[in-house]
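The values are calculated or read from the model by the stated rules, or taken from the named source; none is laboratory data. Computed from a prediction, not measured in an experiment: that's the story for all the values here. Counting neighbours? That spans all protein chains shown, and the Cβs are built from the backbone with ideal geometry, glycine included. Heavy atoms of the whole protein, side chains included, go into the accessibility calculation; ligands, DNA and RNA do not. Shrake-Rupley method; radii C 1.70, N 1.55, O 1.52, S 1.80 Å.
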Amino acid sequence: MEELTPMMRQWREIKGQYPGAILMYRLGDFYEMFFEDAQLASRELDLVLTGRDCGLPERAPMCGVPYHSADSYIARLVQKGYKIAICEQMEDPATAKGLVRRDVIRIITPGTLIESEMLQEDRNNYLASVWIEGDGAGLCFCDISTGSAEVTECRAPDLAGKIINELAKYLPTEALLCPRAAEDARLREHFKLRGGRTLLQLLEEDRFQPGEAQRQFSAEYLEEAGLAAEPLALRALSAALRYLRESQKSGRSSIRSVESYSERQFMKLDASSRRNLELCETMRGREKRGSLLWVLDKTRTAMGKRLLRGWMERPLLHLPRITRRQAAVQELLEETDLRLDAQEALSGVRDLERLMSRVVYQTANARELRAVAASLALLPQIKNNLRGARCDYLKQLYIELDELEDMRALIDGAIVEEPPFSVREGGLIRDGYYGELDDLRALERDGKGYLANIQAREQEQTGIKKLKVSYNRVFGYYIEVTNAYRELVPEHYIRKQTLANCERYITQELKELEAKVLSANERAVKLEYEIFAQVREELAGQYTRIRRCAGAAAQLDVLCSLAEAAAVNQYCRPEVLPQGGIEIVDGRHPVIEKMLDGLPFVPNDTHIDRGACRCMVITGPNMAGKSTYMRQVALITLMAQVGSFVPAKSATIAMADAIFTRVGASDDLASGQSTFMVEMKEVAQILQNATPKSLLIFDEIGRGTSTFDGMSIARAVLEYAADPKKLGAPTLFATHYHELTELEGVEGIHNFAVAVKKRGDEITFLRRIVPGAADGSYGVEVAKLAGVPDSVIRRAKAILRELEAQERAKLAATGQAAAIAIDESEYDFAGLRAAALLEELRAVDTDTLTPIEALTKLYELVRSAREVI
């Protein structure tokens, strides 16, 4: 250490306090990085690696970025999962004696970002905190950029699974783990599958002591918020608050309130169901387009976008809250002018939540204050739109929308219309706002007038017509005389600089004026920053008030969005009941119908009750629409419990406490699990956690093993789900095992199939769900549709005929065929044929027949009837 230069010793001492972070060390107009930090940053940011003399035999590796454009570099590093420590100069280098004092003013990590340009505007940026104790766990999810904090507690059984479900709901970019959480194998696997999108921080147990939360919030508030009765959640909250305080280093916090919730308030959606239903992003591309959020998001503000995502991630289990949302959506749907006016005004509202967090942490600049003022200016119009609202929800929002005229007047009166980006170079404050500042500016303006007077006077007195009075940073104010007039220069001029074609001089008068004018400018710039800081501080004092108003605007934005989606897509208001079944008339898949580019979507009905038709067994070929139909029912149920209208002619939905899906799977090579193992784990999770009020979606389970094993498992699962003594949950069960259709009538199981039209070797998927079992799998036909070469198709048909013949031979060999071929005289074949004819008639789907096909079908039925008679 003694060998290093003083500056490098300072760097080394500060770096030693933050060993896990990249130290960005302010040096003049750059943030410099040294030694291992420089090598890492050079590699990750493609920066040129240079060196600096440091007192050691070898130069210290060094690279840097300009301080005024550092945010983009910091964002790239944080995106890669690095922690950044920002080390600033704590005194003016021009006035510092010796080495400039420096210190870390902030630690930036993925979960502590407040810069809008580093964040996605349509989603929250959560920091998670997990504390496990005994058979329970406390979880906290904070978003420092918006000031939100939510806590909950989980209890065994399946404690790790419940924690994972909450993590999957919030998708934190950073997680603080207690030692026990860090050691849990299932949690480690979950974070591993996140692919590095969550930065993990292991904290000692003493970091989870409740003291931090108890210091920040009063005992009365904690009692009112329910945290006094949730000691585990309180510990998780405390760890998060302490971490945020240490990272921001300002002694301030945007976390002014905490919401405690329980799993009884919201529909349970595990990680698999969220993924399979593609609520907010698609499974393959992880894109918004193609998700349910993409269909419903008509919001106009960043705050509304985040809130809509939150509503979709947490469908309600509280019927009054659901109907309250529905009533607001219906009023906004019916009152088109009200909705359009509100949306037009909301379009101009900036992200008040994130802007106010930056105000609180003293990082907001003057332009951001102007953005706050512009947003506040629209609040009276938004509030006025709701003046005549009828429903309770909109009336409540009208009350909560504070017009904040005083805060808007404060900013408008103080900050110029178009302020500069920097807050330390002047030009921020309006003339007339602060008397002392006006005086300094007048002195500065008058000083420039004095210069013009001096120049005119000196030209007249000396006879040098081209004499000029100018300024530069090196010499200050000076008089410039060309060489042609050098002999006319008075003796009291003091030569300062000789150039090729002129001389530059100073006078005592110019030096005195310079001192007066320049000091006025410096004092004015300093005073402007102080005034700006006061305005920002006064605005920060109204944080709770402004944030409450921002929340009301966000809710109105989401309600308008749901109303617009209902209007554009012709949705209906579902009737939501506390219990019962699902009755959907002409239901449609909300996403797929939007992806068809104008082509008609074939609607389908759904009837599931708690008795005779509790479980739908759905058969039919691949690609016919079984998975689409089942997801459609799940999404309509979820949308209803969000408070949205739904894609159907009519719908009655009994609230589901959970939606579980087992749809498709692939090998999990990272954890060494096969398709079948992944599938069985998901099935086990469903059967262990589902209740009779859950909605279950099973799509072709049992495919990853032998036929008999797979069929046995599928049947056992179906029987378990349908049996009210074991589970008895509403279930949609798609399968290729046609043997399962034999269970119809048992424990509320009913068969349904996807209608298919076959003409010779050609098949057409009609996309209709009809009662009964499919009459075949049509696997070879589907292969042909998929583009499999004709030679392969011909060979597949030949093999299929051979296999069918072999099966018939086996039956004959065992006597089963003989048992079937009994003398027809022993049976009333006329009665059997009549029953078969009646069943054939019932199976006719008249909605899908062309006129010619209808006539042909009628002829066939008449001929069959004559044979029976």
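List of remarks:
- Per-region count, region 54-80, residues part of a loop (DSSP other than H, G, I, E, B) and charged (D, E, K, R): 3
- Test result for Ala409, of a type in the set (A, V, I, L, M), in a helix (DSSP H, G or I), closer than 30 Å to Tyr505 by Cβ and open to solvent by 30 Å² or more (accessible area, probe 1.4 Å): no
- Residue, surrounded by the most Cβ atoms within 10 Å (Cβ to Cβ), within region 484-503, restricted to residues that are over 18 Å from Arg457 (Cβ atoms) and of a type in the set (D, E, K, R): Glu503
- Residue count, region 482-511 (criterion: part of a strand (DSSP E or B) and closer than 14 Å to Ile454 by Cα): 2
- Among the residues listed as Val474, Val481, the single one being aliphatic (A, V, I, L, M), open to solvent by 70 Å² or more (accessible area, probe 1.4 Å) and under 24 Å from Ala515 (Cβ atoms): Val474
One line per residue, one yes/no per condition, for (1) in contact with an Asp or Glu (Cβ under 8 Å, 6 or more places away or on another chain); (2) part of a helix (DSSP H, G or I); (3) among the hydroxyl-bearing types (Ser, Thr, Tyr); (4) within 21 Å of Gly98 (Cα to Cα):
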residue	(1), (2), (3), (4)
Ile14	yes, yes, no, yes
Pro19	no, no, no, no
Met33	no, no, no, no
Arg43	no, yes, no, no
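- Complete set of residues in region 81-127 that are among the β-branched types (Val, Ile, Thr), outside any loop (DSSP other than H, G, I, E, B) and under 14 Å from Pro172 (Cα atoms): Thr112
- Tally of residues being in contact with a Cys (Cβ under 8 Å, 6 or more places away or on another chain) and more than 15 Å from Ile108 (Cβ to Cβ) across region 24-43: 4
- Against the conditions (1) touching a strand residue (DSSP E or B) at 6+ places or on another chain (Cβ under 7 Å); (2) closer than 18 Å to Met24 by Cα; (3) exposed (fewer than 13 other Cβ atoms within 10 Å of the Cβ), Ile74 satisfies every one except (3).
- Of all residues in region 51-65, none satisfies being loosely packed, with under 14 Cβ neighbours inside 10 Å, within 26 Å of Glu117 (Cβ to Cβ) and at pLDDT below 95.
- The listed residue being in a loop (DSSP other than H, G, I, E, B) and either surrounded by fewer than 21 Cβ atoms within 10 Å (Cβ to Cβ) or not hydroxyl-bearing (Ser, Thr, Tyr) (or both), out of Thr299, Thr282, Thr323: Thr282
- Scanning region 519-573 for residues that are at positive phi and in a strand (DSSP E or B) yields a count of 0.
- Qualifying position, being among the polar types (S, T, N, Q) and either outside any helix (DSSP H, G or I) or buried (at least 21 other Cβ atoms within 10 Å of the Cβ) (or both), among Ser272, Ser262: Ser262
- Subset of region 592-636 that is on the phi > 0 side of the Ramachandran plot and open to solvent by less than 70 Å² (accessible area, probe 1.4 Å) - its residue that is nearest to the chain's Cα centre (by Cα): Gly625
- If you go through region 170-183 and pick out every residue that is farther than 23 Å from Arg275 by Cα and touching a helix residue (DSSP H, G or I) at 6+ places or on another chain (Cβ under 9 Å), you end up with 7.
- Cβ-Cβ under 7 Å pairs, at least 6 apart or on other chains, region 41-52 side over 17 Å from Gln79 (Cβ atoms) and touching a residue at least 60 places away in the same chain (Cβ under 8 Å), far side of a type in the set (Gly, Ala, Ser) and surrounded by fewer than 13 Cβ atoms within 10 Å (Cβ to Cβ): none
- Whether a residue is at pLDDT 95 or above and either in contact with an Asp or Glu (Cβ under 6 Å, 6 or more places away or on another chain) or open to solvent by less than 20 Å² (accessible area, probe 1.4 Å) (or both) was assessed, and Leu338 does not pass this test.
- When Ile531 is tested against (1) at pLDDT 90 or above; (2) open to solvent by 30 Å² or more (accessible area, probe 1.4 Å), exactly one condition is not met: (2).
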